[in-house]
Amino acid sequence: MATPTSELTKAMTLVLDTNAHAGGEAATEAPFKPTLAGMSRERLRDAMAAAGVPEKQLRMRVIQLWRWLYISGATSFDQMTDISKETRTALEALYTLDRPEIVAEQVSVDGTRKWLLRLPKRGHEARAPEIETVYIPDNDRGTLCISSQVGCTLTCSFCHTGTQRLVRNLEASEIVGQILLARDRIGDWPGAKRPDDDGLLPSTDRKITNVVLMGMGEPLYNFDNVREAIDIASDGEGLSLSKRRITLSTSGVVPEIARWGELSGTMLAISLHAVRDELRDELVPINKKYPIKELLEACRTYPGASNAKRITFEYVMLRGVNDSLADAKALVRLLAGIPAKINLIPFNPWPGSRYECSDWETIERFAEVVNKAGYASPVRTPRGRDILAACGQLRSESVRLRARDRSEPAASAKSPDAA
């Protein structure tokens, strides 16, 4: 049951920035400098070369910079004491160490944290786009849910992000930047201070133990940037996240599933949600292009899938829509022969949604059918519902402007008559 609004207000922490909103920046802006935070070794090497580091020093300097970024979590060039002041000054003239900018931070009554993050404007963007990132702490682990796109190309009818049209793909550095920002905020670097807001943190040494690509966007439609970001995050000489603790969730971009399995080595989750094509066409419209049969065949042949590395099938429980015992039995038949576990997700409502969550008795009966068939079927405990941070609730207000509208904010800012 949802917590009353008065209680939420007491339990929620809201942190707002002091800068102008993305749509109202001043007409004169500082020249854009890219951030080194989130770059791969190859990109760091190019950045060092552009800053005038001699060719014979590049390898050593990249190693030093990599360690400062991904082991120490440096946020200032002054912290990099084993790099000469001359080199640090040259780097600072061209680059920053910025993470995504926090617009707002909310802490749920259950300890879940949600950040609304503002990204730098790219190219012809008139407004700085925004995304959401969520941290979900438990006693023995901490899971970070990150976004791969601003908005989404898909229009899944039960998902809040699906109501926001795609603005753009995130760059690899912006995906990694979410991990860096989260580690900054919860004090997950060596010697870092923990937050003083009494929020829940796991008992583990590392406070971010798992990363899931289940935030805004379809990650397989941003394949190259997501892959580069995961390679950085899982590098054993840096952030060192185990690929077995990184999960990519896809709505079913069938042609890319096998390639992801071959190249990434992460865990895979499939947003299934229905056992019949006619219903999945409505819930997950990409099904019209890649129907259930094709999707499940891609799962049966997924590289590396085994009983030790099962594919997770996500199934949102919608009252009177997909939650019957017949649906449960059909689900078991569909997944025959696939090393799988089934994650039952109570629907998390959002403003304007037309669905309701199945009642608990129905969810338990559904889970019993699946369990008896030999599949693990944990029911995902809703986390962060009170701050719209639960599964299917993420969304930002960023929009993709039409070409003729892109100049309007700048024109308005320059006009003395602008409101």
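The values are calculated or read from the model by the stated rules, or taken from the named source; none is laboratory data. This is a predicted model, so every value here is computed, not measured. Neighbour counts run over all protein chains shown; Cβ positions are idealised from the backbone, glycine included.
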Exercise for the section: Could you check how many residues of region 70-88 are within 25 Å of PHE32 (Cβ to Cβ) and touching a helix residue (DSSP H, G or I) at 6+ places or on another chain (Cβ under 8 Å)? Expected result: 11
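Residue-by-condition table, conditions (1) modelled with pLDDT under 80; (2) charged (D, E, K, R); (3) closer than 23 Å to ARG310 by Cβ:
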position	(1), (2), (3)
ALA340	no, no, yes
PHE347	no, no, no
ALA367	no, no, yes
TYR375	no, no, yes
LEU401	yes, no, no
Problem - Single residue of region 97-127 satisfying the filter (within 30 Å of ASN139 (Cα to Cα) and among the small types (Gly, Ala, Ser)) that is modelled with the highest pLDDT - result: ALA104
Exercise for the section: For ILE146, state whether it is in contact (Cβ under 8 Å) with a residue 60 or more places away in the chain and either in the same structural domain as ALA50 (by TED's automatic domain parsing) or surrounded by 23 or more Cβ atoms within 10 Å (Cβ to Cβ) (or both). Expected result: yes
Practice task
Please give the number of the condition GLY252 fails out of (1) surrounded by 17 or more Cβ atoms within 10 Å (Cβ to Cβ); (2) of a type outside the set (D, E, K, R); (3) on the phi < 0 side of the Ramachandran plot.
Solution key: (3)
Problem - Among (1) at pLDDT 55 or above; (2) under 26 Å from ARG310 (Cβ atoms); (3) not polar (S, T, N, Q), the one test that LEU394 misses - result: (1)
Practice task
Return a yes/no flag: does region 311-333 have any residue that is within 19 Å of LEU248 (Cα to Cα), assigned to a loop (DSSP other than H, G, I, E, B) and assigned by TED's automatic domain parsing to the domain that holds LEU279.
Solution key: no
Handout entry: Residue list for region 140-179, restricted to those being over 30 Å from LEU279 (Cα atoms) and either modelled with pLDDT under 90 or touching a Gly at 6+ places or on another chain (Cβ under 7 Å) (or both)
Key = ALA172, SER173, GLU174, VAL176, GLY177
Practice task
Output the number of the condition that ARG43 fails; it satisfies all remaining conditions of (1) part of a loop (DSSP other than H, G, I, E, B); (2) within 30 Å of the chain's Cα centre (by Cα); (3) not hydrophobic (A, V, I, L, M, F, W, C).
Solution key: (1)
Fill in the blank from the handout: Among residues of region 331-367 being acidic (Asp, Glu) and in contact (Cβ under 8 Å) with a residue 24 or more places away in the chain, the residue farthest from VAL321 (Cα to Cα) is ASP359
Exercise for the section: Scan region 113-132 and give yes if some residue there is under 19 Å from LEU248 (Cα atoms), in the same structural domain as THR204 (by TED's automatic domain parsing) and within 12 Å of the chain's Cα centre (by Cα), otherwise no. Expected result: yes
Handout entry: Answer residue from region 334-350, given it is part of a loop (DSSP other than H, G, I, E, B) and within 26 Å of the chain's Cα centre (by Cα) and is surrounded by the fewest Cβ atoms within 10 Å (Cβ to Cβ) among those
Key = PRO339
Exercise for the section: Scan region 85-104 residue by residue and report those that are surrounded by 22 or more Cβ atoms within 10 Å (Cβ to Cβ) and under 21 Å from PRO129 (Cβ atoms). Expected result: ARG99, PRO100
